[in-house]
Amino acid sequence: MSYIKPAFRHPDLPVNDLGYTKKNYEGAISTLCAGCGHDSISAAIVQAIFELSIAPHQVAKLSGIGCSSKTPTYFLGDSHGFNSVHGRMPSVATGANMANRDMIYVGVSGDGDTASIGMGQFTHAVRRNVNMMYVVENNGCYGLTKGQDSATSDVGSMSKKGEPNPFEAIDLVSVALQLGATFVARSFSGDKEQLIPLIKAAISHQGFAFIDIISPCVTFNNNPGSTKGYEYVRDHLAATGTVDFVPMKEELTTSYQSGTAEEVTLHDGSVVHLYKGDESLDIHNRRSALKLIKDYKAQDKILTGLLYMDADSQDLHETIGTSNKPLRSLTEQDLCPGNKVLQNINDSLR
Amino acid sequence: MKPTDIKDPEYFHKVVDCQYACPAHTPVPEYIRLIAMGRYSDAYMVNWESNVFPGVLGRTCDRPCEPACRRGRVEDEPVAICRLKRVAADNKDDTEISARMPDIPARKNGKKVALIGGGPASLTVARDLMPLGYSIDLYDDQPTGGGFMRSQIPSFRLPETVLNQEVNYILDMGVVTQFNTYVDSLQSILDKNYDAVFVGTGAPRGRDLDIPGRRQGEANIHIGIDWLSSVAFEHTEKIGKKVIVLGGGNTAMDCCRTSMRLGADSVSVIVRSPRAEMKASPWEIEDAEREGIPMFENHVPLEFVVKDDKLVAMKFDRVKAVYDDSGKRSLVSLGKEPVLIECDDVCIAIGQDNSFPWIERDLGLDFGKWDMPMVNSVTFQSTNPKVFFGGDAAFGPENIITAVAHGHQVAVSIDLFINGEDVNKRPAPGVTLVSQKMGIHEWSYDSDVVNDVRYAVPHAEVQLSLKDRLMEVELGFDQDTGFAEAQRCLNCDAQTLFVEAKCIECDACVDICPTDCITFTTNGTQDDLRTRLSAPANNLAQDLYLSNDSLPTGRVMIKDEDVCLHCGLCAERCPTAAWDMQKFLYHVTKAGQ
Ligand SMILES: Cc1cc2nc3c(=O)[nH]c(=O)nc-3n(C[C@H](O)[C@H](O)[C@H](O)COP(=O)(O)OP(=O)(O)OC[C@H]3O[C@@H](n4cnc5c(N)ncnc54)[C@H](O)[C@@H]3O)c2cc1C
Ligand SMILES: Cc1ncc(C[n+]2csc(CCOP(=O)(O)OP(=O)(O)O)c2C)c(N)n1
Ligand code: SF4
Ligand code: SF4
Ligand code: SF4
Ligand SMILES: [Mg+2]
């Protein structure tokens, strides 16, 4: 019987700039159903953060409630974490982010957690451009509570229960675009080649980076008739192109043919290369993305890949002019600068 | 790359690294599990069927299985396979084992076989042929059976009681023994109208060292293997105070340790080559060093120094090893003053050779290079179809387990030959593959991977054991340690089987695998694939297990067998049971099966 993952790892595992192997980024063994898409996403997050050479203690994982929201336990075991209340991850993330701008925030949510109970919170985190990666592990159902249809379930899609969903789906990607999200992508848990670079880019993005990841629930929503099962998704996938993420410190080893790839340089000098599959996409234009999503949907296709990004966006800290240091590093001197400073302030108000 | 043919029994056999490396292909993980269960007699019989001398080998085997053991690729040390075998032998129920020995037909089959030599090779042939009704005559020049296991391996490594028990399991089957009988003519044996003759006479001639002083010092210069056997049969009971042992192999280790027990005060092992190139097994060197025996490297013997007809010292030239581009070594003199080392006795342990002065050269039995008989390496038949060779006599000095492996194959050949069948048509191995699934997280083997490091075998106190040549130095694991060590085994015979039709490519197995064995990707050549796997796949000796291309995405599943822990997590995580853990049992088919 094995609920414990053996301690041995491949002896030739690569090490990153910090001298860590992937093992340093793993978490506890997953208790999700065998074959759940969410586990693949955890693995992709591990791989991406390992490759980015981010020290685990610099990351805070935040989640709500649901199978998806349980997953932070299964990756980055040495990072900070807060498993909040159903649908309330965005406000906890916002607060944490305000308190310490130096951390990297990985928010993990589900379609139920985000598109139903947490919709109000989600929208505000987007419009405030909180500097974080926000992942929705989208399986079209409430997995944890045994598979009820969620708000992202397509009209007519059938879960294991066998009844077609009567309601129109909320497309979180379109919502995020409309609310002003500054990095928007969609992916599939079963496509790590696409997902890992997207996560790397999202984490490096300064501002709210949203990835809607279709992630089949093998137990309740992977049956014929479901539009969120492995087979259906694979059959209907289309991609905006392929994405490559090159961190700032890395030399370009591959030579990129000009014209075929579009380069977006991030605030820290990293570069996102997009090899367009569809020439009509302009990733700097929200309307272009919204239109393309609709066009593909009309053809019964699920458009994945990087859809929109604004590399120069202004995040919440800049907008409201917060402390440029984490609050915990503020000394008594910083917080109580003394009578003279108070006098100055008072004078300025007179 | 082509999909893997898992129906080929050799594919999964190779995954069981220890069993594959064992010349007799002992089902190692199978008996290790039985030891963990405390089923020592069952574990003993699994061994006995394959390697015939579990008690002997559990103490003395060259253990090619251990360097092969997968555990050594994920941590520092392999499973102590050899010493676990001893746990089975030490704890078995002797009465039960005697009762489980094969029945020997009272009515013989009328066929007669002669075995020349009474070592492990001959005894194994007897073990396999006696139950089939053959009448067997065994000739050996020693007073009792066992060959080199008796005459060479000192009692402090292998107690006589252990050897006797296992030799007798075979002799008691009704083998007609002709001990103290040196066969000086193969013709005379053939004249006795045997249906087949087996030559298992070993490599009985120790190499000599022809340098100045050799003849004059004769009285105190000994050929290692002759000297060891004269100690074993108690013709020699003491040696001088200062002893030099020449040579760096296992015979040298036995000579030096035996000398310490026969009254020597100081013993030095002196080797021509650099120490790193000594042929002795590392653990034998360790044991000698524990007894305070120094080893000197890069000393080439020049002369035996004899004064007043008595050996007093040896002279050595100091050298260094130089390697040419092809890696060939030559020992180049440093041109320094020769080193003089005083001594009362010298043992020459620089190798052994075969010697067949007793085989006439007109029997249709051809000899080839180095005056060795021409022997088929699969059938062990010589060019005289009635005469078979095995053990050290066939291809030069090896070890006990190789002699046993040969013996089994010789028995197959002799049985085929006598029944008028083609000896080249070898029987296929017996294989079974059985699912181990008991529940979602439950397998019928202990799939947990323990982190314990290899347990050390306790030793008798050096001072005590040096006083008594017969006192066994290694004490063996007790049952508790045996259990703990057994748990280190990764159960490499619990094979991972993949069924394409069930796989939905959810990646669960890829994500859970602790050692990154599994990859789904587009097919390519092996070289190309090895660069595209989840983890580096640089161990070319280990196979890639490849699915066919019928998966939904048209990709293939590739599993690098190299460091699979056989933990079963891939199968536990698979939602559709596309992976299963199945126990693979591989048996080398024996004569008459
Ligand atoms: C010092 C020493 C230590 C060793 N230690 C180990 C060890 O720890 N582990 C290990 O695996 N191997 C060890 N070996 C090697 C091992 O003993 C041999 O490889 C093995 O015994 C070979 O078996 P065999 O059946 O081929 O022949 P042998 O065991 O050599 O038996 C051959 C027998 O035939 C007899 N014989 C030879 N010619 C004739 C003849 N013309 N007529 C009648 N009888 C004859 C010999 O006296 C002998 O009894 C050691 C060898 C030496 C020399
Ligand atoms: C306030 C509150 N309301 C309802 C629940 C019950 N509940 C638990 S998980 C869940 C839905 C989770 O769905 P989703 O976020 O899609 O996660 P999944 O399990 O599908 O990954 C619900 C409704 C709760 N835990 N708390
Ligand atoms: S119920 Fe669905 S979402 Fe939850 S763990 Fe199982 S497969 Fe994953
Ligand atoms: S771990 Fe066990 S089964 Fe695997 S090679 Fe080692 S001894 Fe054999
Ligand atoms: S048994 Fe499966 S999960 Fe475990 S190491 Fe082997 S391939 Fe990986
Ligand atoms: Mg859900």
Next on the checklist: Take residue B:110 and tell me if it is open to solvent by 10 Å² or more (accessible area, probe 1.4 Å) and on the phi > 0 side of the Ramachandran plot.
Outcome noted: yes
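Can we say residue B:360 is open to solvent by less than 60 Å² (accessible area, probe 1.4 Å) and more than 16 Å from ligand 3 (Cβ to nearest atom)? Let's see the steps before the verdict.
Values: open to solvent by less than 60 Å² (accessible area, probe 1.4 Å): yes; more than 16 Å from ligand 3 (Cβ to nearest atom): yes.
The answer is yes for residue B:360.
Which of the residues belonging to the range B:241-263 are assigned to a loop (DSSP other than H, G, I, E, B), free of Cβ contacts under 8 Å to residues at least 60 places away in the same chain and crowded, with 23+ Cβ neighbours inside 10 Å? Spell out how you get there, then give the answer.
So in the range B:241-263, the residues assigned to a loop (DSSP other than H, G, I, E, B) come out as B:241, B:247-249, B:262-263.
Going one step further and asking which of them are free of Cβ contacts under 8 Å to residues at least 60 places away in the same chain, we end up with B:248, B:263.
Result: B:248, single match.
Take the range B:264-275 and flag every residue that is open to solvent by less than 30 Å² (accessible area, probe 1.4 Å) and in a loop (DSSP other than H, G, I, E, B). Show your work before the answer.
First pass over the range B:264-275, keeping only residues open to solvent by less than 30 Å² (accessible area, probe 1.4 Å): B:264, B:267-271, B:273-274.
Residues satisfying the conditions are B:264, B:271, B:273, B:274.
Using the structure shown, decide if residue B:434 is modelled with pLDDT of 95 or more, over 21 Å from the mean Cα position of the chain (by Cα) and within 14 Å of chain A (Cβ to nearest Cβ). It would help to see each step written out before you state the result.
Details: modelled with pLDDT of 95 or more: yes; over 21 Å from the mean Cα position of the chain (by Cα): yes; within 14 Å of chain A (Cβ to nearest Cβ): no.
No; evaluated as a whole, the condition is false for this residue.
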Checklist entry - Within the range B:73-107, restricting attention to residues that are within 16 Å of ligand 5 (Cβ to nearest atom) and out of contact with any His (no Cβ under 9 Å at 6 or more places or on another chain), which residue is most open to solvent (accessible area, probe 1.4 Å)? => result B:73
Item to check | Unique residue being away from ligand 3 (no atom under 16 Å from the Cβ), within 28 Å of residue B:389 (Cα to Cα) and either free of Cβ contacts under 8 Å to residues at least 40 places away in the same chain or in the same structural domain as residue B:181 (by TED's automatic domain parsing) (or both) when the list is B:47, B:109 | outcome: B:109
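Collect the residues in the range B:505-529 that are within 13 Å of chain A (Cβ to nearest Cβ) and over 19 Å from residue A:22 (Cβ atoms), keeping them in residue-number order.
From the range B:505-529, those within 13 Å of chain A (Cβ to nearest Cβ) are B:505-522; that's our starting set.
Answer for the range B:505-529, where residues must be within 13 Å of chain A (Cβ to nearest Cβ) and over 19 Å from residue A:22 (Cβ atoms): B:505, B:506, B:522.
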Item to check | Breaking point among (1) among the charged types (D, E, K, R); (2) away from ligand 5 (no atom under 16 Å from the Cβ); (3) open to solvent by less than 10 Å² (accessible area, probe 1.4 Å), for residue B:62 | outcome: (3)
Item to check | Cβ-Cβ under 7 Å pairs, at least 6 apart or on other chains, the range B:527-548 side free of Cβ contacts under 8 Å to residues at least 12 places away in the same chain, far side surrounded by 12 or more Cβ atoms within 10 Å (Cβ to Cβ) and of a type outside the set (Ser, Thr, Tyr) | outcome: B:536/A:12; B:538/A:12
Checklist entry - (1) buried (at least 23 other Cβ atoms within 10 Å of the Cβ); (2) away from ligand 5 (no atom under 16 Å from the Cβ); (3) part of a helix (DSSP H, G or I): which one isn't true of residue B:10, the others all being true? => result (1)
Item to check | residue B:550 being open to solvent by 10 Å² or more (accessible area, probe 1.4 Å), within 9 Å of chain A (Cβ to nearest Cβ) and among the polar types (S, T, N, Q) | outcome: no
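Which of the following residues is within 15 Å of residue B:78 (Cα to Cα) and assigned by TED's automatic domain parsing to the domain that holds residue B:35: B:473, B:462, B:453? Can you show your working first?
Working: B:473 fails: within 15 Å of residue B:78 (Cα to Cα); B:462 fails: within 15 Å of residue B:78 (Cα to Cα).
Of the residues listed, the single one that is within 15 Å of residue B:78 (Cα to Cα) and assigned by TED's automatic domain parsing to the domain that holds residue B:35 is B:453.
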Next on the checklist: Just the residues that are in contact with a helix residue (DSSP H, G or I) (Cβ under 7 Å, 6 or more places away or on another chain), open to solvent by 20 Å² or more (accessible area, probe 1.4 Å) and either among the β-branched types (Val, Ile, Thr) or in a loop (DSSP other than H, G, I, E, B) (or both), please, taken from the range B:153-169.
Outcome noted: B:153, B:157, B:162
Checklist entry - Is it the case that the range B:582-592 has a residue that's within 22 Å of residue A:33 (Cα to Cα), in contact with an Asp or Glu (Cβ under 9 Å, 6 or more places away or on another chain) and more than 10 Å from chain A (Cβ to nearest Cβ)? => result no
Next on the checklist: Of the conditions (1) in contact with a Pro (Cβ under 8 Å, 6 or more places away or on another chain); (2) within 11 Å of chain B (Cβ to nearest Cβ), residue A:215 satisfies every one except a single condition; which number is it?
Outcome noted: (1)
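So that you can scan it fast, the table gives a plain yes or no per residue for (1) buried (at least 24 other Cβ atoms within 10 Å of the Cβ); (2) more than 16 Å from the chain's Cα centre (by Cα); (3) within 14 Å of chain B (Cβ to nearest Cβ); (4) touching a residue at least 40 places away in the same chain (Cβ under 8 Å):
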residue: A:162; (1), (2), (3), (4): no, yes, no, yes
residue: A:171; (1), (2), (3), (4): no, no, no, yes
residue: A:174; (1), (2), (3), (4): no, no, no, yes
residue: A:191; (1), (2), (3), (4): no, no, yes, yes
residue: A:206; (1), (2), (3), (4): no, no, no, yes
residue: A:209; (1), (2), (3), (4): yes, no, no, yes
residue: A:221; (1), (2), (3), (4): yes, yes, yes, yes
Checklist entry - Is at least one residue of the range B:432-446 assigned by TED's automatic domain parsing to the domain that holds residue B:67, in a strand (DSSP E or B) and not aromatic (Phe, Trp, Tyr)? => result no
Next on the checklist: Looking at the range A:193-204 only, could you name the residues that are more than 14 Å from residue A:270 (Cβ to Cβ) and open to solvent by 10 Å² or more (accessible area, probe 1.4 Å)?
Outcome noted: A:193, A:194, A:196
Checklist entry - Here are some conditions: (1) part of a strand (DSSP E or B); (2) not assigned by TED's automatic domain parsing to the domain that holds residue B:227. Residue B:312 meets all but one. Which one does it not meet? => result (2)
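Need a quick list: helices (runs of 4 or more DSSP H) entirely within the range A:5-103 having at least 2 residues that are within 12 Å of chain B (Cβ to nearest Cβ) and either buried (at least 21 other Cβ atoms within 10 Å of the Cβ) or touching a strand residue (DSSP E or B) at 6+ places or on another chain (Cβ under 7 Å) (or both).
A:37-51
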Item to check | Count of residues meeting criterion [exposed (fewer than 13 other Cβ atoms within 10 Å of the Cβ) and part of a helix (DSSP H, G or I)] in the range A:295-328 | outcome: 4
Checklist entry - Among the listed residues B:210, B:172, B:137, which satisfies the condition of being surrounded by fewer than 15 Cβ atoms within 10 Å (Cβ to Cβ), over 24 Å from residue B:95 (Cα atoms) and of a type in the set (D, E, K, R)? => result B:210
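Determine which member of the set B:572, B:500 is within 11 Å of ligand 5 (Cβ to nearest atom) and either open to solvent by less than 20 Å² (accessible area, probe 1.4 Å) or more than 14 Å from chain A (Cβ to nearest Cβ) (or both).
Values: B:500 fails: within 11 Å of ligand 5 (Cβ to nearest atom).
One residue alone meets the criteria, B:572.
The values are calculated or read from the model by the stated rules, or taken from the named source; none is laboratory data. Because the structure is a prediction, the values reported are computed rather than measured. Don't worry about glycine lacking a Cβ; one is built from the backbone with ideal geometry, like all the others, and counts go over all protein chains shown. What goes into the accessible areas is simple: the full protein's heavy atoms, side chains included, and nothing from ligands, DNA or RNA. Shrake-Rupley method; radii C 1.70, N 1.55, O 1.52, S 1.80 Å.
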